[in-house]
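First up is the structure itself, then whatever we jot down about it.
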Amino acid sequence: MPFAKWFVGGRLNASYICLDWQIQNGKGDKVAYYWEGEDYVRRVVTYRDLYREVNRLAHALREMGLKRGDRIAIYLPMVPELPIAMLAAARLGVIFTAVFSGFSAKALADRIIDAQAKVLITADGSLRRGKVVQLKSIADEALRSCPNVKKVIVFKRLDGNVNLVEGRDVWWHDVLPKNDVYVEPERMESNEILYLLYTSGTTGKPKAVAHSNGGYMVFVHSTQKWVFDVKESDVYYCTADIGWVTGHSYIVFGPLSHGITSVMYEGALDYPEPDRWWEIVERYGVTIFYTAPTAIRALMRYGEEWPNKHDLSSLRLLGTVGEPINPEAWRWYYRVIGKERCMIVDTWWQTETGGILISPAPNLAQFPLKPGSATFPLPGIDPEVVDEEGNPLPPGNKGFLVIKKPWPGMLLTLFGDDERYKEVYWSRFKGVYYTADSAIKDEEGYYWLLGRSDEVIKVAGHRLGTREVEDAFITHPAVAEAAVVGKPDPVKGEVIAAFVVLKKGQEAGESIIEQLRKHVRTELGPIATPEEIHVVNMLPKTRSGKIMRRLIKAVALGSTVGDISTLEDGASVEEIQRAMEEFRMSMGIRGP
Ligand code: PRX
């Protein structure tokens with residue numbers, strides 16, 4: 001540690017495991033993905049289809065001069081071409097970074113530049129709530145600041161009515177060889193990088209989490225089996241977007257490495273009606289269903305009549321990921337979706353961990369569940385709840401969750417920045433991996449994951465850094481300073497509440513607030529749209545000039561000074577009290 005290596009000298013190729021090996025096992029005609037567009041267009045993709053398309057695309061990428069160790073970026077919606085692109089890159093040993101198709105031009109450009117990607121794979125567009133998301137024009141805008149991208153491959157999902165830049169852009173269907181080809185998979189050393197996935201941290205700059213070939217594949221394969229107990233006959237539906245780690249591990253590499261059948265859906269969960277997912281479960285006979293608590297809470301709001309319109313009897317296992325699940329949502333999921341027949345796996349993990357670390361594992365053991373607890377660590381995972389000094393806490397106490405031993409799915413590093421990797425994960429407590437989550441281990445050893453203890457917030461399960469959002473505010477010409485906090489929300493878990501100080505002479509009012517909301521949305525993407533924006537005269541700061549975010553959060557939540565006096569590092573109670581009073585007055589809040 002911190003640079004643990006797995007299966008040193010072992011060689012493999014992730015696309016070989018997910019495709020060639022499956023076909024050798026007689027699964028060529030088995031369905032890999034049932035795909036459904038938001039407009040009800042449907043495709044059935046077998047393992048042989050995937051194999052054929054991956055080889056063709058790998059051939060085209062190789063023709064473009066890409067070779068082992070090069071990087072490409074993938075900016076695709078939820079279409080089968082997304083896993084195809086990932087696997088084609090993996091086949092060549094080309095490191096790919098998939099960027100969530102809801103991200104803005106700027107977010108895409110930042111990632112392309114950081115990864116020094118030479119090729120971008122995108123689409124003309126995609127459908128979301130019946131509207132066209134103009135992916136190609138967003139990509140074009142991003143590419144204005146990415147001279148390193150020499151070629152753009154465009155998949156035609158819609159009518160193809162987009163601008164192709166001469167000499168740079170090519171249609172997917174034109175660049176692929178007409179006939180079947182075979183591309184020999186690169187024999188990757190276990191510890192070479194398979195992919196980079198950018199995730200938010202406590203600075204403004206997203207971190208490039210690097211995952212390995214060997215350790216990662218072993219870990220997602222194992223956890224897919226242990227946690228989801230997958231069987232040959234399963235129809236598995238993970239509702240995540242492949243742009244996030246959940247999709248990488250548990251829509252692409254985990255399920256394909258087992259040769260099972262998955263469902264992939266392009267659009268919004270409530271389009272055209274709030275029963276879209278249940279309709280899908282019924283149509284394909286889904287047996288395993290994996291989603292996020294925020295989605296469950298959103299669907300709960302629409303009422304039971306929507307799931308009750310459909311036959312959900314094929315379901316046997318339900319899962320959640322991404323944030324703590326509140327017992328009320330857990331019970332609804334258990335009763336209304338699982339009809340009190342299905343076990344629920346609450347799976348705790350992170351982009352950095354590659355796969356699930358703490359979760360029930362019905363394939364390995366049976367034990368009683370507790371709604372809201374992710375239960376126990378999986379084999380080989382050695383967590384501990386510790387205090388500020390890193391000392392283990394007795395059961396029942398809230399502390400920081402750390403992992404004491406490396407595990408195969410653990411990130412290799414932050415791409416190009418070993419120092420930052422050490423600093424972020426291995427410096428808070430000596431010799432252990434710092435998760436930045438708070439947790440409690442109860443008397444019976446069950447783990448309760450309580451959310452982030454750092455400046456990272458979860459908005460509808462999406463991970464955002466408060467600094468990142470503040471930086472987006474500051475790029476607006478009217479803004480002098482900004483502070484962003486996460487505020488609890490009954491559906492989204494958390495929403496963004498922002499406090500901004502405007503530049504001198506700038507009028508406060510509805511119009512500027514609307515402008516700022518739009519600005520942040522364009523800078524970062526729709527998931528970062530601030531829910532609340534408060535214009536204030538000043539932000540509370542420590543003597544050393546650090547913004548007191550936790551105090552701001554306390555004000556946003558209406559807490560009192562007593563509750564927060566221990567929260568701000570290095571500030572005295574009087575200092576906090578004074579800052580809080582000034583800040584409250586600045587917000588127009590009077591009285592206790
Ligand atoms: O705070 C934890 C929360 O999500 C964070 C990781 O976010 P991300 O890297 O986007 O990965 C999400 C998908 C793996 C964690 O630090 N989290 C994830 N799963 C759970 C959870 N919190 C509580 N319970 C969970 N099951």
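The values are calculated or read from the model by the stated rules, or taken from the named source; none is laboratory data. Just so it is clear, the model here is predicted, and its values are computed rather than measured. Virtual Cβ from ideal backbone geometry, glycine too; neighbours counted across all protein chains shown. Quick note on the areas: whole protein, heavy atoms, side chains included, nothing else; ligands and nucleic acids left out. Shrake-Rupley method; radii C 1.70, N 1.55, O 1.52, S 1.80 Å.
Computed over Cα pairs, the Kirkwood radius of the chain leads via Stokes-Einstein (1.002 mPa s, 20 °C) to a diffusion coefficient of 86 µm² per second. With semi-axes defined as the square roots of five times the eigenvalues of the C-alpha gyration tensor, the equivalent ellipsoid of the range 459-586 measures 24, 18, 12 Å, largest first.
Assuming a viscosity of 0.890 mPa s and a temperature of 25 °C, what translational diffusion coefficient in µm² per second does Stokes-Einstein assign to the range 179-287, Rh being the Kirkwood radius over Cα pairs? Could the numbers behind the result be given before it?
Values: Rh = 16.2 Å.
D, rounded to a whole number, is 152 µm²/s.
A 1.4 Å probe, protein heavy atoms only, puts the accessible area of ILE138 near 50 Å². Ellipticity at 222 nm from helices only: DSSP H runs of n ≥ 4 in the chain, each -39500 (n - 2.57), divided by the residue count, give -8000 deg cm²/dmol.
Taking a quarter of the surface of the convex hull around the Cα atoms of the range 116-228, what do you get in nm²? Provide the component values of the computation, followed by the final result.
Values: hull surface 45.9 nm².
Its average projected convex-hull area is 11.5 nm².
Apply 1/(1 + (r/R0)^6) to the Cβ-Cβ distance of ILE113 and ARG283, taking R0 = 45 Å, and write down the FRET efficiency to the nearest 0.05. That pair, ILE113 with ARG283, gives E of 0.60.
For every other residue with a beta carbon closer than 12 angstrom to the beta carbon of VAL345, add +1 if it is Lys or Arg and -1 if Asp or Glu, then tell me the sum. Intermediate results must be reported in sequence, preceding the final value.
Values: positive: ARG316; negative: ASP229, ASP346.
After counting each charged neighbour, the total is -1.
The figure for GLU574 is an accessible area of roughly 130 square angstrom, using a 1.4 Å probe on the protein chains alone.
Count Lys and Arg as plus one, Asp and Glu as minus one, and take only other residues whose Cβ is under 10 Å from that of ARG452; the net charge is then -3.
Counting only protein heavy atoms and a 1.4 Å probe, tell me what percentage of the chain's accessible area is made up of carbon and sulfur. Provide the component values of the computation, followed by the final result.
Numbers: 11840 of 23080 Å².
On the chain, the fraction of accessible area on carbon and sulfur atoms equals 51 percent.
With coordinates expressed along the principal axes, the C-alpha atoms belonging to the range 375-522 extend over 57, 38, 26 Å, beginning with the largest. The label-point distance for ARG335 and ASN308, in a model that sets each label 7 Å from Cα toward Cβ, rounds to 1.2 nm.
Here the range 420-496 was treated as a single set of alpha-carbon atoms; its pair distances binned every 5 Å from 0 give 3, 13, 16, 18, 18, 16, 9, 4, 2, 1, 0 percent.
Across q = 0.14, 0.16, 0.19, 0.26 Å⁻¹, the range 247-340 modelled as identical point scatterers on its alpha-carbon atoms has Debye log10 I(q)/I(0) values of -0.51, -0.67, -0.96, -1.62, in the order of the q list.
What are the equivalent ellipsoid semi-axes of the range 346-438, built from the alpha-carbon gyration tensor (square roots of five times its eigenvalues), in whole angstrom, biggest first?
24, 18, 10
Around GLU494, what is the net charge, scoring Lys/Arg as +1 and Asp/Glu as -1 over all other residues with Cβ under 13 Å from its Cβ?
On the way: positive: ARG297, ARG452, LYS458, ARG463, LYS487, LYS492, LYS553; negative: GLU323, GLU455, ASP489, GLU531, GLU532.
Residues near GLU494 contribute +2 overall.
Which links in LYS207/LYS541; LYS205/LYS458; LYS458/LYS518; LYS151/LYS458; LYS118/LYS156 stretch past 24 Å when you go from one Cα to the other? Table pairs above 24 Å Cα-Cα are LYS207/LYS541; LYS151/LYS458. Probing with 1.4 Å while keeping every protein chain in the model, the per residue accessible area of the chain equals 39 Å². Heavy-atom accessible area, probed at 1.4 angstrom with all protein chains present, ranks LEU393, LEU92 as LEU393, LEU92, highest first. Note on the range 302-367: percent of Cα-Cα distances in each 5 Å bin, starting at 0 and stopping at the bin with the largest distance, equals 4, 15, 23, 23, 18, 10, 6, 1.
In this structure, the residue pairs whose Cα-Cα separation is over 28 Å, taken from LYS225/LYS339; LYS231/LYS441; LYS503/LYS553; LYS370/LYS405, are LYS231/LYS441.
Set the Cα radius of gyration of the range 1-136 against 2.2 N^0.38 Å, with N its number of residues, and you get 1.16.
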